[in-house]
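The values are calculated or read from the model by the stated rules, or taken from the named source; none is laboratory data. A quick note: this is a predicted structure, and the numbers were derived from the prediction, not measured. Every residue, glycine as well, gets a Cβ built from its backbone with ideal geometry; the counts of neighbours run over all protein chains shown.
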Amino acid sequence: MAFSQPTEAQTPALCQFCEESSDIRWKCINCDVFMCQLCTTKIHRKIKSSDQHELINLKDYGSEDAARTIHKVDLKNMPCTIHSDQICCAFCTDCDQPICIDYGDKNYQEIRDKILLNEKEIIETVSKYAKELLQELESIWKPTEDKINTELSVTQKTKEDLVARNENLKKTLQSHQASEIFSSRKKLDKTLPKISVERINSDILKTKFLSGNIFEKQNTRSTIFGDLYAVPDLELITTYQSDFPNVLDILNCDSNTTFIACYNAGKIQKARFEKNSMKVEEVFKISIRNMAKLKNDDILLATGESDIKVYSIDKQFKSFRSFSPLKTISIHVSKNNEIFVGLTECHPVTYPATEDSVRRVVVLNQEGDIQHSYEYNQDNERLLTSPQRIITLKDNIYIIDSVNEDWEGRVLVIDYGGQLLWTYNGFDINLDTGNFSLLTYQ
């Protein structure tokens, strides 16, 4: 193997360690320092891991061995660009750079800090709510307690007064002196204490504590606190180009056949994917918002109109069910073959929703009969604004809800009882015009 010879070394006038000796003998490739013989022995050897450094005698600088040494990449002592005091031990393919052990530790520390911060915030929030409830309870009980104590004090004084009067009367009667009995007559208070008729507020007896549902059996660690999730590795396999300006929905029917919908173009393409190309087999002129496949391979279509359409194996579009005067904007079929339909009172959807607006998700059986309906929570507050997409996972219903005209969205998760479990607000729906590419990941 041939090596290019290094150019003549740009040797400094003095040793770069002691800066006194001009008798330069060595160069350290790792430190990039020229040294005299004394500093090589006295100073350089004291540097950490110097026994693994590559030294070149300047008299051999133009040799083939020197060229090998200069061109050699020291992978064992490569300093980390982020943590300068650490040596790289691995190569991160995601970051496309060598990393040290602290690089992974950084992610560990960030996750750990987030968990501890979440714990702190939950403790502080629970403590705050507990303090507020205790103060509210105190405000209910304190006036009643003070009134009870006042009445007990008055009753005790009255009792003591009556006991004292009774004792005086006994002493007078036991004296057997008629003169004392008649003379004490004027001193006796013939009136009895008035009975208190003060009513004491009994609101405390009508007060109960209703615990929240955070510790109910159906709740888990992930719903109460959070959980750790492995981020999937997505690898781009193939890209297919569509002539649609945008794609609103894609429905895979089998390993090769896919229905692609463009609402603005008012078309659906039935396409077959091959190795490096997409072949459009049929084009249907129909505007649809969302598609879902039944177990019998019929395809249900939410059209933005009142009717849910069905595309059957005989290639006919028929009406499956009408929700007139409401409009259908989304549809989903669960693993149990339940049909979920997103409904609004108008299409396009207007924002914000008013008291008269209908923003609803209904669940149908195979015959099209409504089994459940979701629109308001248990406090009669509106759950949805515009249910654009619906999916079901395990026992929960996930709804992508558009909240305004700018297509800002959120994800709502409710259980089958209609209880809101959590909301995610971290993503905006954005449909840009232009040629649309279909990406296949694994």
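The number of residues in segment 389-420 that are acidic (Asp, Glu) and either over 18 Å from the mean Cα position of the chain (by Cα) or assigned to a loop (DSSP other than H, G, I, E, B) (or both) comes to 3. Given the structure, is LEU173 closer than 30 Å to PHE209 by Cβ, out of contact with any Gly (no Cβ under 7 Å at 6 or more places or on another chain) and of a type in the set (A, V, I, L, M, F, W, C)? Answer is no for this residue. Taking (1) more than 24 Å from GLY368 (Cα to Cα); (2) among the β-branched types (Val, Ile, Thr); (3) at pLDDT below 90 in turn, ILE313 satisfies each apart from (1). Filtered by the rule that a residue be surrounded by 13 or more Cβ atoms within 10 Å (Cβ to Cβ), more than 14 Å from ARG359 (Cβ to Cβ) and at pLDDT below 90, segment 376-409 gives TRP407, GLU408.
Listed here are the residues, each with its yes/no results for (1) surrounded by 15 or more Cβ atoms within 10 Å (Cβ to Cβ); (2) farther than 30 Å from LEU236 by Cβ; (3) under 56 Å from the mean Cα position of the chain (by Cα); (4) at pLDDT 80 or above.
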site: PRO12; (1), (2), (3), (4): no, yes, no, no
site: CYS18; (1), (2), (3), (4): no, yes, no, yes
site: LEU55; (1), (2), (3), (4): yes, yes, yes, yes
site: ASN107; (1), (2), (3), (4): no, no, yes, no
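One residue alone among ASN276, ASN290, ASN296 is out of contact with any helix residue (DSSP H, G or I) (no Cβ under 6 Å at 6 or more places or on another chain), touching a residue at least 60 places away in the same chain (Cβ under 8 Å) and farther than 15 Å from PHE244 by Cβ, and that residue is ASN290.
Does ASN256 satisfy being outside the structural domain of ILE331 (by TED's automatic domain parsing), of a type outside the set (A, V, I, L, M, F, W, C), over 19 Å from ILE308 (Cα atoms) and modelled with pLDDT under 80? No; evaluated as a whole, the condition is false for this residue. For segment 286-319, the set of residues classified as within 35 Å of the chain's Cα centre (by Cα), among the basic types (Lys, Arg) and in a loop (DSSP other than H, G, I, E, B) consists of ARG289, LYS295, listed by residue number. If you go through segment 318-362 and pick out every residue that is surrounded by fewer than 17 Cβ atoms within 10 Å (Cβ to Cβ) and aromatic (Phe, Trp, Tyr), you end up with 1. ALA353 meets each of the listed conditions (1) under 27 Å from GLN269 (Cβ atoms); (2) at pLDDT 90 or above; (3) in contact with a Ser or Thr (Cβ under 7 Å, 6 or more places away or on another chain) apart from (1). Taken together, the criteria place ILE331 among residues that are in the same structural domain as LEU420 (by TED's automatic domain parsing), assigned to a strand (DSSP E or B) and under 21 Å from TRP407 (Cα atoms).
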